[in-house]
1. Among the strands (runs of 3 or more DSSP E) lying completely within region 1-102, list those that include at least 2 residues that are at pLDDT 90 or above.
2. Given (1) free of Cβ contacts under 8 Å to residues at least 12 places away in the same chain; (2) open to solvent by 70 Å² or more (accessible area, probe 1.4 Å), where does His15 come up short, assuming only one miss?
3. Is there any pair linking a residue in region 211-229 that is under 17 Å from Arg243 (Cβ atoms) to one that is in a strand (DSSP E or B) and modelled with pLDDT under 90, with Cβ under 7 Å and at least six apart or on different chains, and which?
4. Tell me which residues, restricted to region 37-91, are aromatic (Phe, Trp, Tyr) and buried (at least 17 other Cβ atoms within 10 Å of the Cβ).
5. Which of (1) more than 23 Å from Lys157 (Cα to Cα); (2) in contact with a Pro (Cβ under 8 Å, 6 or more places away or on another chain) does Arg240 not meet, given it meets every other one?
6. For Ala219, state whether it is surrounded by 18 or more Cβ atoms within 10 Å (Cβ to Cβ) and in a loop (DSSP other than H, G, I, E, B).
7. Out of all the residues in region 237-251, is one or more assigned to a strand (DSSP E or B), aliphatic (A, V, I, L, M) and open to solvent by 40 Å² or more (accessible area, probe 1.4 Å)?
Amino acid sequence: PTQCDNWVRTSNGGHFASPNYPNMYPPNQECIYILEAAPRQRIELTFDEPYYIEPSFECRFDHLEVRDGPFGFSPLINRYCGLKSPALIRSTGRFMWIKFTSDEELEGKGFQAKYSFIPDPDFTYLGGILNPIPDCQFELSGADGIVRSSQVEQEGKTKPGQAVDCIWTIKATPNAKIYLRFLDYQMEHSNECKRNFVAVYDGSSSIENLKAKFCSTVANDVTLQTGTGVVRMWADEGSRLSRFRMLFTSFVDPPCSGNTYFCHSNMCINNSLVCNGIQNCAYPWDENHCREKKKNGLFEQITKTHGTIIGITSGIVLVLLIISILVQVKQPRKKVMACKTAFNKTGFQEVFDPPHYELFSLRDKEISADLADLSEELENYQKMRRPSTASRCIHDHHCGSQTSNIKQSRTNVSSMELPFHNDFAQPQPMK
């Protein structure tokens, strides 16, 4: 923050004054003083005479603003102006934030203040746990960067279960302004601004520099008119799941110089931010048509270099696959038909033909009676086979053209004659 004129610090306190005190202070001034006491101490502030700050209703013009804490958004103690010096001011903690502001006309002598440290009356026990204001502050600068709430837990700025009250101070490049765009935003208890919110300040953390405050379900982009931005996040003990992630980009107003890029939205950003994979402009002009500026990946290089070889190989594999399918389709299949199977004469004759008898030469007259019995049995067998001939013919009619062969074999069987001689000469073999 801007410090005007002399500011004396000692171990027991110090003093500061408006510019040119006790002479007239200059117009258009903004001076900020942050007082810090040691742990277990508080601050007392008194004003000397003479004292004169331009009087106005509610001190809207020249005024002195005092807050109970280290930030411009800390609780307001009061605003002071006029002819009478303020009474004794005492803090409730170990910090005090003071700002002196003057407009463009009607100046006065100003003020001189003295501050001192006193013991904290609330700290009455020995061996107690000291609870100073947590040092949860971060600083970022450059052409662009990321402001993220996860940094609080990663760097151990607060303990689990404690409230989060952290600020990020952003410094743009020289003579530049700041553009903020939310990449991620979630409030655990939306629309409950006393429990959690994200506030953006333009220039300093003073309450009058509050640019935007988000506590609902949506957070919009913010364009600051200065090169300094302050982002504050507040979340109570029951809202620790609230989070945000914000991109800041330094930009200058057109016309754009040689090392800047025109965003088509009254913004000129650094050329190093073009085609970096991040949308730094309000509209994605800086990331459009960036293909030729990016290095080709491995897949693109392989495709460009060996595209022809890959295409030919793929075509050959496809043709071979089609040919193999056609061969499988055209291959003849075995057909099985019950009635058109090859006729097995041997098996058929074994079933229906009479058994073959072979007559051996018999020299003994005593077995002549046995031969006569055998001839009689053969004649009886032929008589029994004649009734079954009709049924087999019906079966042959249904099963194919083998009937003629079967009939011929039956005729041979029926017309077969067995020569028999009662004498004991050698008989001819029977078929």
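The values are calculated or read from the model by the stated rules, or taken from the named source; none is laboratory data. These numbers were taken from a predicted model, which means no experiment stands behind them. So basically every Cβ, Gly included, is an ideal-geometry build from the backbone, and we count neighbours across all protein chains shown. Side chains included, ligands, DNA and RNA excluded: accessible areas come from the protein's heavy atoms. Shrake-Rupley method; radii C 1.70, N 1.55, O 1.52, S 1.80 Å.
1. 41-47, 63-67, 76-80, 95-102
2. Among (1) free of Cβ contacts under 8 Å to residues at least 12 places away in the same chain; (2) open to solvent by 70 Å² or more (accessible area, probe 1.4 Å), His15 violates only (1).
3. What qualifies is Cys215/Asn196.
4. Scanning region 37-91 gives Phe47, Tyr51, Tyr52, Phe61, Phe71, Phe73, Tyr80.
5. (1)
6. Details: surrounded by 18 or more Cβ atoms within 10 Å (Cβ to Cβ): yes; in a loop (DSSP other than H, G, I, E, B): yes.
The answer is yes for Ala219.
7. no
Residue by residue, here is whether (1) crowded, with 17+ Cβ neighbours inside 10 Å; (2) more than 17 Å from Phe244 (Cβ to Cβ); (3) assigned by the TED database to the domain that holds Tyr201 holds:
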{"site": "Ile146", "(1), (2), (3)": "no, no, yes"}
{"site": "Gln154", "(1), (2), (3)": "no, no, yes"}
{"site": "Gly161", "(1), (2), (3)": "no, yes, yes"}
{"site": "Trp168", "(1), (2), (3)": "yes, no, yes"}
{"site": "Asn175", "(1), (2), (3)": "no, yes, yes"}
{"site": "Arg181", "(1), (2), (3)": "yes, no, yes"}
